[in-house]
1. Which GluC sites (Glu not before Pro) in region 157-245 pass both tests, a DSSP loop state and at most 13 other beta-carbon atoms within 10 Å?
2. What's log10 of I(q)/I(0) for region 143-214 at q = 0.18, 0.22 Å⁻¹, Debye sum over Cα points only, no solvent?
3. So, in Å, what gap is there between the alpha-carbon centers of region 144-161 and region 269-294?
4. Need one word for the chain: rounded, prolate or oblate. Basis is the Cα gyration tensor (sqrt eigenvalues a ≥ b ≥ c); a/c below 1.5 gives rounded, then a/b vs b/c decides.
5. Per-residue ellipticity at 222 nm for the chain, helices alone: DSSP H runs ≥ 4 residues times -39500 (n - 2.57), over residue total, nearest 500 deg cm²/dmol?
6. Let me see the P(r) profile for region 125-275: every Cα-Cα distance counted, bins of 5 Å, each bin given as a percent of all pairs.
7. Could you tell me the distance between the Cα centroids of region 164-230 and region 48-83, to the nearest Å?
8. With +1 on each Lys and Arg Cβ and -1 on each Asp and Glu Cβ, and nothing else charged, work out how big the dipole of region 1-145 is about its Cα centre, in Debye to the nearest 20.
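The numbers here are math on the coordinates, done by the rules we state, and not lab data. Keep in mind that this is a model prediction, so the values were computed, not measured. Cβ: placed from backbone, ideal geometry, glycine included. Neighbour counts: every protein chain shown.
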Amino acid sequence: MTNSIIRTLLFTLISSSAILALQPELRLAVPLLVGVTATMTLLLAGLLYFGERCKITMSSATILTVALLLRLMFLFNPPQLSDDINRYLWDGCTLLHGSNPYAAAPSATTVQPALAAIHSRINHPEFVTIYPPAAQVVFAGGAALGGTITGLKFLLVLLDMGLCALLMVLLRRLEMPVWRAAIYAWNPLPVLEIAGSGHVDGAGLTMLTGALCLLVAGRERTVKRWHCLLSGALLAAAGLVKLFPFILAPLLFLLVPARQRHSFITGFAASLALLMAPFLPHLANMADSLDTYARNWEFAGFAFTTLRSLTGSGATARLILSTAFLLAVTAILLRFARSINRSGSPFSTARQALAACHATTMALLLLTPTLQPWYALSLALFLPFCAGPAGLILCWVVFLTYQVQIPYYILGQWNENPLVTAAVFLAPVTAWLLARLFYASGGIGSHIRQASNHE
């Protein structure tokens, strides 16, 4: 890929992002949002396609500079596609004022005048916060930066930039091209969901990536005991930002050298205890809110709505999906465990671990009853290592679900389109099947073969 093509790609990416950043109200520009993000995703797919065939010379500084520029365009804009950040800021300010955010729901709290504006914008104020202790620490850190949404978004963007840097470290240790980090760093999903809406998921993914970096030493280093200790601690912290990393804990545990797994477990347990202890005993109230969410929330879950229609019961549909996901995770875990015994290369083992994480994340997103667009950030994290048609498409197609914002903003009506829900599921599944078909017929390139195998 020539430098002129790279410059054209960068110009188009930056221009596309600027078009969205200049929109006065994204909720009324969802068709434009879908089209522009599709263009950006196609550019990243082209980067992947040509990058596997040509030698790309792209410095780490270029990747990080462009990633920062894309995020700065949205940093100072008010969040429009989601209002979750208001709860973040409320929790953070509550903690800074010396109160436990798990002690009472916002609706049952005496509101200080300085927090009245934040309180009025919280969604579902009747529930105690569902965000775990490490997330509360992040919220408090962001709230300390002026007590504003911009201050909190600044911290989240800073952590996301750290994630981009860690991806390059991990790619180098795996002896993979560093330019592949751009598949996440320049992806419209983290740009819009972290810099735009200020979702905390990226903070947890940064910690998860740090845990992975510590377990992948590189050719000139070895994994030491303190690496495993700190990796376990970071994994626990990641799971206490958003619970998703706990699902990947068995895969990371198998990645730890057998003689040092006790250090990993020690770091994991100590981090859990240190982060949870300050919020006891009221932390138990979070479980009630999570239980309500798990039992009643649903959005863009095609598998769930289909099973509910067939069985006539939402509870039965959730049980079937939970069982299917458990079986999928078990199969992925067993396959990875067998590959460890067959592989003598630490690089091969680490790459297989990332592929297993990618597959687990894909299964979760396709089987969950609730698929908010920012949930796909967990999949975007693994695209630099396992990018393929299904993953790239799913990280884009989730933007279609924002169609609910148009009637909600204008009429106050939340109307989910079943065709959109079906498309979000069927588009990546179809892409995966086609990739497998082309692989079987020998009609697709080597990078797609590898991605298809990973997925």
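1. 175, 220
2. Results for region 143-214 at q = 0.18, 0.22 Å⁻¹ read -0.68, -0.92.
3. If you average the Cα positions of each part, the centres end up 24 Å apart.
4. Rounded, because the longest to shortest axis ratio a/c is under 1.5.
5. Counting only the DSSP helices, I get -21000 deg cm²/dmol.
6. 2, 10, 17, 20, 20, 16, 10, 5, 2, 0, 0
7. If you average the Cα positions of each part, the centres end up 15 Å apart.
8. The calculated dipole for region 1-145 is roughly 480 debye.
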